[in-house]
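Q: One structure is given below, represented as structure tokens, and several questions about it will come after.
The values are calculated or read from the model by the stated rules, or taken from the named source; none is laboratory data. Just so you know, these numbers come straight off a predicted model, no measurement behind them. For neighbour counting, all protein chains shown are included, and Cβ atoms are generated from backbone atoms with ideal geometry for every residue, glycine included.
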Amino acid sequence: MSNKSSKYGNPAKAAAATYEPAVRPLSFATVVLAVAGVLNLIEAAAAFGGDSRFDVNRIFLESLTGWGVAVLIIGLLQLYAAREIHLRKPSGLLWGIGLSCLSGISHFMMIGAYPLWAITVMLVNFAVIFALTTNDDAF
């Protein structure tokens, strides 16, 4: 019987004693950032498809294709940042916070075209920013 399991009585309590508090919020940030990236990829696909529900006059860029390219790049970079955060690389922290800010701003600019979608994606991005900025000591 190992020293930890005898001290705490069972292996589950021994594992809880060695638990790092920042693991769960960073796992949350990784998953939510990946979800935000996928949401941006879906939005880019809708923009490339020329979705008639997009009101071109209510988005920041006048070209729907230009908007799709911008959101596609943000989405792909968010997936990359989620991978970096999962690997606990300091660059992932910077990429995650920066891209979540950029995505939040870009969705604020399109709030007139899709209010519910834009607010949902902004809240997802702000949850990522909160999780990363309150647990940056794990990097």
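Q: Please work out which residue is modelled with the lowest pLDDT, limiting yourself to region 55-77 and to residues that are assigned to a loop (DSSP other than H, G, I, E, B) and more than 24 Å from the chain's Cα centre (by Cα). Please lay out each step first, then the result.
A: Looking only at region 55-77, we keep the residues that are assigned to a loop (DSSP other than H, G, I, E, B), and these are 55, 59-63.
Keeping just the survivors that are more than 24 Å from the chain's Cα centre (by Cα) gives 55, 62-63.
Values: Asp55: 62, Glu62: 68, Ser63: 75.
Checked region 55-77; the qualifying residue modelled with the lowest pLDDT is Asp55.
Q: Across region 63-78, what is the number of residues that are within 28 Å of Asp137 (Cα to Cα) and surrounded by fewer than 19 Cβ atoms within 10 Å (Cβ to Cβ)?
A: The number of residues fulfilling the criteria is 2.
Q: One residue is enough: does region 116-124 have a residue meeting the conditions more than 10 Å from the chain's Cα centre (by Cα), surrounded by 16 or more Cβ atoms within 10 Å (Cβ to Cβ) and at pLDDT below 90?
A: Checked region 116-124: at least one residue is more than 10 Å from the chain's Cα centre (by Cα), surrounded by 16 or more Cβ atoms within 10 Å (Cβ to Cβ) and at pLDDT below 90.
Q: Same structure, new question: Testing Ser52 on (1) touching a helix residue (DSSP H, G or I) at 6+ places or on another chain (Cβ under 9 Å); (2) at pLDDT 65 or above, one condition comes back false. Which one is that?
A: The failed condition is (1).
Q: Here are Leu99, Leu87, Leu93: which of them is over 25 Å from Ala46 (Cβ atoms) and in contact (Cβ under 8 Å) with a residue 24 or more places away in the chain?
A: On the way: Leu99 fails: over 25 Å from Ala46 (Cβ atoms); Leu87 fails: in contact (Cβ under 8 Å) with a residue 24 or more places away in the chain.
Step by step, each of Leu99, Leu87, Leu93 is checked, and only Leu93 is over 25 Å from Ala46 (Cβ atoms) and in contact (Cβ under 8 Å) with a residue 24 or more places away in the chain.
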